[in-house]
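All remarks here apply to the structure that follows.
Please treat every number below as a calculation from the coordinates, not as lab data. As the structure is a computational prediction, the values presented were derived from the model and not from experiment. Glycine gets a Cβ as well: all are built from the backbone with ideal geometry, and neighbour counts include every protein chain shown.
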Amino acid sequence: MSQQTPVQDSTRYEAVIGLEVHVELSTHSKMFCGCRNVFGAEPNTLVCPICLGMPGSLPVINRRAIEFLCKVGLALGCTIAAHSKFDRKNYFYPDMPKNYQISQYDMPLTTGGSVQLPSQKIVRLNRIHLEEDTGKNIHAGGHMATSDYTLIDYNRAGVPLMEIVSEPEIASPEEAEEYLVQLKTVLLYLGVSDVKMHEGSLRCDANVSIRPVGSTTLGTKAEVKNMNSFRSVVRALQYEIQRQEEAVRKGERIVQETRNWDETRGLTYSTRSKEQAHDYRYFPDPDLVPLTIEQGMIERWRSEMPEMPLTKRQRFVSAYGLADYEAGLLTSDRVTADFYEAATAESKEPKLVANWMLGDVRKFLEKHGLTLATSLIRPQPLAALIKSVTSGNISGKAAKEVCDILVAEGGDPQNIIEKRGLAQVSDEAAIKQVVDEVLAQNQDTVASYKAGKVKALEFLVGQVMKASRGKAKIEVVRAMLLERLG
Amino acid sequence: MAKAGYEIRTAIARKQISAVEAVEAALAHAQALEPQLHAYIRLLPERALAKARAIDEQVRSGQTLGPLAGVPVAVKDIFCVAGEITTAGSKILENFRAPYSATVVEKLDNAGAIIIGKTNMDEFAMGSSCENSAFGPTRNPWDLEGVPGGSSGGSASTVGAITVPIGLGTDTGGSIREPASFCNIVGVKPTYGRVSRYGMIAFASSLDQAGPMAGDVLDAAQTLSVIAGHDPMDSTSVDIPVPDYTAALRTDLQGVRVGIVSEFETEIGKSDPAMAALYKAAYEDLQRLGARLVDVRLPHARYGLATYYLIAPAECSSNLARYDGARYGRRVDGDGDVFTMFERTRAAGFGDEVKRRIILGTYALSAGYYDAYYVRAQKIRTLIKQDFDAAFELCDVIACPSVSTPAFELGAKTQDPVAMYLMDYFTIPMSLAGVPALSVPAGYVNDLPVGLQIVARAFEEATMLGVAHAYERATHHAQARKPQVALSSSAAGSGS
């Protein structure tokens, strides 16, 4: 617009994002005690002297949590530390029963590794470490400062929490989402977490900075917290990047700070916390002995690993002739992928199974508010249904009806077809009778066809199909009509 | 009242007395002496008598009796006992009712021992005189103007007063051995990892160990056999079989090499000629029993105190963070926010020495100081361990002073923390090295008892107890005199 555009306005900026993802591991018991690890129980019912930090209590490492984390490390190509240890992170906060968190400081369980995005971009990981989750503060007034009182639920205190720290290599909010989706897929494949962001079993903080395109130095970062869904991660990052860009263009300096995402107002705001002033005074937890992870143990875990999503996706393309896009959808979770492979093995129709699963099955799942995991549909019946269509036993339309029932109620397609009388009629005598009736009732149309109005044939075909309630085999009907009219 | 624990158990097994009688006598004795000694924070008559009745029932029905069946014992108020108030000597826990029992308490219960009370202690085990208790000081049965030592002063005092034959203490830098020395009893600090710490309120996790305090070595050995062993609830407890320590007790020292620490002899020589003479006599006694004395060196032991006063406060600053008034214990309301509640609760709940050590430890762990203090202290700790390894190449046990003085008067060192810290000069190196050590009565200086320290390789408590037993049998120092309080306590109805 104006010719006096300031010079810096022509500068293009790029975002640099690093994600810290906290994932609660779905071990049977908590990280350092025997309390059950489940979401949604009555407050303070899953607690004991250990996770309440009672005087004299001591932590004992949950070996399963170590295994879960190391399997994630193996899936992401991380280096598993032969020697690791737990440290205490000291700070006072009422949701933390001991006023220190058992975490890992300088010897995390894994280092390195990466997450590969569908775009083939590699986002490298810095580390994955294990710690204990905190309890939950429930402020009577919604916020600590404005509440008359605060209730604390310690059910979550001591739940194993894995922190996956990426390098600052994510370039956009959309890429951040891809990263999270990919990570979530891997975690679900491994069965180490239920990865429900709305229940807090996956939580994500982002370190965001911007820099002029082409620059290799990192700008001052802001840490964005309180994002409660993948969508809010994208929105928060979009907002924050824009905010920083505007600030820089106005000649302001970005300050290193923690900013909370406000979902309703759609903005980030400074928490003005003295975060930077915190000195956590890490030191090795003297209640726990250092960890040694034997190579043999790592090999055993490796042998127990399932095929990972990207490998599976590539295999689906090469083995079943699927498009990469289809393979991506079908491998997005393990239940879908396993279902697909079972139905394909049964039907020998890889392409058709994919079409059904990504088409009608998905549609009916949505209609009934189900997922493959919660629906009663099974791979073998779906394969049988597909065979019924290819063999001409039922029409495509009838098959959709059966599919709807399979998704909603489960069962065997043959029974459903028989019970509902959906089998296709190719018996010429039966069809002939219907054709005769239709021709008798539509003398006018017959006449106009004979007068050269070719389209009238399709009307008659439709009438026959309607009269047979869709069961007549359409090719037979058309041939018979042509014969009679010719 | 009491005789030794093993004598009481035998009398109960033979139905000469009942467990209820034994416990009633101990309770009466304790109550009678409380005005003078204040050895207990709380007596547990109901719990004790219920347990005693159960033992008597076992006797009646001919069941197998535990190794400490019916024996009255006293435990330091640092051990959680389910359903009972457990204070660790602090105002901040004055109303804390433990929801569970410490592993060692369960082990004592299972062995038939009867806990008659929770004994006084320096707050959170920080102190060497029992004067840092929030509930008033305990006095020494050998000198009512003197301290019983600390931090396990209550247990030492009540065992020294012969109220109970056995007490349980904890030792972080000398808290069993120094009071044992002051009160003329046997006090054993086991190898770090030998006894479970579960349910024992933490002071400095990498140093704390529970151990027996008893009238003689046999009772101490028996008690250690009961409380030792791996505990799945304590990751730092070690899974090594527990021998029967009573089987290892010997009466001569033929073939035993006893190391005498050159640095310690120089030190004790500088302090008090009477003390130096007492220890010299003790070494000669060992020699007479057949031991061969060898000179050993612990060149880094002199840095023990400085090292200890970085590591222990560092750990305590973190261990004591949980006392904030939010979940249990004392609470002082804040200005409508939780952080002022934390500050006021801790300001009101902790005593001066505890605060001093929290501040020391917080400082030592702070960014910029961590490497210079905590990390360096850990390195010196390793050097001290290596000193012991080298010494034990030359000897089987080390004999050395437990303390540099007998019990001092109440108030004598309360204004000078460093003078108080120096009381642990001879006991801290063993704590840092994690090796087992005990104090056994070795005679009297200025009519006050003094203990001899015997130290062994890690997990060789049997060797250490064997040497102490031979020495005790040959010298009978503890039996040579009677404590002041026992003489003046005919009201206690001592029946023995």
Cross-link reach list, lysines versus B:K107, counting only Cα pairs under 21 Å and skipping chain neighbours closer than eight places: B:K51, B:K76, B:K118, B:K189
Quick one: compute the contact order of chain B, relative version, from alpha carbon pairs under 8 angstrom and 6+ residues apart, as a percent. 19
Rough spin-label spacing in nm, given labels placed 7 Å along Cα→Cβ, for A:K351 and B:A474: 9.9
Within chain A, which is the longest segment that contains none of the GluC sites (Glu not before Pro) sitting in a DSSP loop with at most 11 other Cβ atoms within 10 Å? A:1-251
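Nearest 5 is fine: what % of DSSP beta bridges in chain A come out antiparallel, could you say?
90
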Full-extension gain between A:Q433 and A:E401, please, as 0.36 nm times their residue separation minus the C-alpha to C-alpha distance. 8.9 nm
In what order do A:M308, B:M233, A:M31, A:M297 fall by count of nearby beta-carbon atoms within 10 Å, going from fewest to most? A:M297, A:M308, B:M233, A:M31
Assign one of three labels to region B:227-334, namely rounded, prolate or oblate, based on the Cα gyration tensor with a ≥ b ≥ c the square roots of its eigenvalues; rounded applies when a/c is under 1.5, prolate when it is not and a/b is larger than b/c, and oblate otherwise. oblate
Express in nm, to one decimal, how much length is gained between B:E145 and B:Q386 on full extension, taking 0.36 nm for each residue of separation and deducting their alpha carbon distance. 82.7 nm
Is region B:96-221 rounded, prolate or oblate when judged by the Cα gyration tensor, a ≥ b ≥ c being the square roots of its eigenvalues, rounded requiring a/c under 1.5 and prolate requiring a/b larger than b/c? rounded
Rounded to the nearest 0.05, what FRET efficiency do A:V213 and A:Q256 have when you use their Cβ-Cβ distance and R0 = 25 Å? 0.70
If you take every residue apart from B:G451 with its C-beta less than 14 Å away from the C-beta of B:G451, what net charge results, scoring Lys and Arg +1 and Asp and Glu -1? -4
Under 5 Å between amide hydrogens, which residues at least 5 positions from A:E167 or on another chain qualify, with H placed 1.01 Å from N in the peptide plane? A:R124, A:L125, A:N126
Where the only charges are on Cβ atoms (+1 Lys, Arg; -1 Asp, Glu), what is the dipole of chain B about its Cα centre, to the nearest 20 debye? 400
B:R344 paired with A:V289, simple spin-label distance in nm, labels 7 Å along Cα-to-beta-carbon: 4.6
Stretch gain in nm, segment A:M305-A:R231, where the contour uses 0.36 nm per residue and the Cα spacing is subtracted: 23.6 nm
Going by the alpha-carbon gyration tensor, a ≥ b ≥ c the square roots of its eigenvalues, is region B:345-496 rounded (a/c under 1.5) or, if a/c is not under 1.5, prolate (a/b greater than b/c) versus oblate? oblate
Of the DSSP beta bridges with both residues in the protein assembly as shown, give the percent that are antiparallel, rounding to the nearest 5. 80
Compute the FRET efficiency between A:H83 and A:Q314 as 1/(1 + (r/R0)^6), taking r as their Cβ-Cβ distance and R0 = 45 Å, and round to the nearest 0.05. 0.80
Just tell me how shielded A:87-98 is by partners: mean number of partner chain Cβ atoms within 10 Å of each residue's Cβ, no decimals. 4
How shielded is B:74-81 by partner chains, expressed as the average number of their Cβ atoms within 10 Å of its Cβ atoms? 1
Within chain B, what percent of beta bridges assigned by DSSP are antiparallel, to the nearest 5? 65
Once you charge only the Cβ atoms, +1 for Lys and Arg and -1 for Asp and Glu, what is the size of the charge dipole of region B:121-275 about its Cα centre, to the nearest 20 debye? 220
Could you tally up the Lys pairs in region A:7-297 with alpha carbons closer than 22 Å? Skip any pair fewer than 8 positions apart unless they're on separate chains. 27
At a Förster radius of 51 Å, what calculated FRET efficiency corresponds to the Cβ-Cβ distance of B:R297 and B:K482, to the nearest 0.05? 0.80
At least 15 Å along the helix axis (C-alpha) and Kyte average at least -0.5, DSSP helices within chain A: A:63-75, A:173-190, A:334-347, A:379-390, A:396-409, A:428-441, A:456-467, A:474-485
